[in-house]
Amino acid sequence: MCGKFIQMKDWEAMVELAQLIQSAALGLTETVTPMRVASVIRLNAAGQREVARMRWGFVPANARDQNIGTQFIHARAETIEEKPTYRDAFFNRRGLVIVRSFNEGHEITPTKTEQHVITPRDGTPLAIAVIWERWSKMPLESFAMVTTAANALIGTITDRMPAVIAPEDWPKWLGEEQASVDDLKAILKPFEGDWEMEAAARAKSPAPKKPSVQQELF
């Protein structure tokens with residue numbers, strides 16, 4: 001499951017796909033891991049694209065504690081429209097994070113994971129689907145990464161991958177074009193691309209924990 005990605009750092013003023021692509025080789029980058037901030041493309045109240053800074057780790061609007069975001073890093077595409085935690089955001093608050101690369105982990109032992117970095121061979125950034133929420137208790141916006149079944153390449157190390165959105169499907173996902181639930185679910189599928197995968201480093205994995213009651217409910 002993806003737990004890290006690399007994206008451009010200074011994208012606040014860039015809201016068009018062409019600008020993002022042209023700037024990919026020029027701007028600074030930042031490494032984003034859960035509970036850190038990333039740049040998310042979304043529609044503003046006027047229906048125009050904008051870039052907002054949000055924390056990775058979805059905090060439901062009515063949550064009592066913002067730290068619950070650590071439990072909601074990923075949202076499964078197969079059930080996203082059904083889960084109480086994610087349903088409203090799926091219908092009303094969808095966005096994209098544009099990345100240069102992302103990491104997937106291959107479990108070596110219960111305590112060791114080998115990280116693999118997935119990067120497009122031609123250097124073209126990838127758009128990953130997210131859903132976002134605004135917490136009611138303070139000015140905090142957060143997001144969860146949408147995941148789907150792994151493609152042929154990533155399937156050799158794990159069974160899940162980020163839901164990559166093709167450029168032609170941006171308007172549907174962002175809400176610029178009308179789309180049914182079936183239309184949206186159809187674009188949340190394994191994405192096959194000309195990517196390279198390189199083993200990075202082995203990291204210790206936290207000891208497995210029994211799911212909390214909160215986790216089991218969502």
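The values are calculated or read from the model by the stated rules, or taken from the named source; none is laboratory data. Every value quoted in this text rests on a predicted model; they were computed, and no experiment measured them. For neighbour counting, all protein chains shown are included, and Cβ atoms are generated from backbone atoms with ideal geometry for every residue, glycine included. To get the accessible areas, we keep the full protein, side chains included, count just its heavy atoms, and leave off ligands, DNA and RNA. Shrake-Rupley method; radii C 1.70, N 1.55, O 1.52, S 1.80 Å.
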Of all residues making up the stretch 33-52, the number that are in contact (Cβ under 8 Å) with a residue 60 or more places away in the chain, surrounded by fewer than 21 Cβ atoms within 10 Å (Cβ to Cβ) and over 14 Å from LEU174 (Cβ atoms): 0
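Being surrounded by 15 or more Cβ atoms within 10 Å (Cβ to Cβ), within 13 Å of the chain's Cα centre (by Cα) and in a strand (DSSP E or B) is the requirement here; does GLU104 meet it?
Values: surrounded by 15 or more Cβ atoms within 10 Å (Cβ to Cβ): yes; within 13 Å of the chain's Cα centre (by Cα): yes; in a strand (DSSP E or B): yes.
Against the criterion (surrounded by 15 or more Cβ atoms within 10 Å (Cβ to Cβ), within 13 Å of the chain's Cα centre (by Cα) and in a strand (DSSP E or B)), GLU104 qualifies.
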Kindly indicate the residue of the stretch 107-123 that is assigned to a strand (DSSP E or B) and either of a type in the set (Gly, Ala, Ser) or touching a Phe, Trp or Tyr at 6+ places or on another chain (Cβ under 9 Å) (or both) and also farthest from THR33 (Cα to Cα) among those meeting that condition. PRO120
Checking ARG76 against (1) open to solvent by less than 40 Å² (accessible area, probe 1.4 Å); (2) at pLDDT 95 or above: exactly one of these is not met. Which one? (1)
Would you confirm, using the coordinates I've provided, whether GLY57 is at positive phi, open to solvent by less than 30 Å² (accessible area, probe 1.4 Å) and at pLDDT 95 or above? yes
Of all the residues that make up the stretch 60-92, how many are under 26 Å from ALA150 (Cβ atoms) and either in a loop (DSSP other than H, G, I, E, B) or charged (D, E, K, R) (or both)? 13
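Yes/no per residue for (1) surrounded by fewer than 18 Cβ atoms within 10 Å (Cβ to Cβ); (2) in contact (Cβ under 8 Å) with a residue 12 or more places away in the chain; (3) farther than 24 Å from GLU114 by Cα; (4) touching a helix residue (DSSP H, G or I) at 6+ places or on another chain (Cβ under 8 Å):
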residue: LEU126; (1), (2), (3), (4): no, yes, no, no
residue: ALA129; (1), (2), (3), (4): no, yes, yes, yes
residue: LEU153; (1), (2), (3), (4): no, yes, no, no
residue: MET161; (1), (2), (3), (4): no, yes, no, yes
residue: VAL164; (1), (2), (3), (4): no, yes, no, no
residue: SER180; (1), (2), (3), (4): yes, no, yes, no
residue: LEU184; (1), (2), (3), (4): no, yes, yes, yes
Answer yes or no: is there a residue in the stretch 89-101 that is among the basic types (Lys, Arg), over 16 Å from the mean Cα position of the chain (by Cα) and surrounded by 12 or more Cβ atoms within 10 Å (Cβ to Cβ). no
Hey, ASN67 closer than 19 Å to ILE128 by Cα, open to solvent by 50 Å² or more (accessible area, probe 1.4 Å) and polar (S, T, N, Q) or not: no
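Would you say LEU188 is open to solvent by less than 50 Å² (accessible area, probe 1.4 Å) and touching a Lys or Arg at 6+ places or on another chain (Cβ under 8 Å)?
Details: open to solvent by less than 50 Å² (accessible area, probe 1.4 Å): yes; touching a Lys or Arg at 6+ places or on another chain (Cβ under 8 Å): no.
No, not satisfied.
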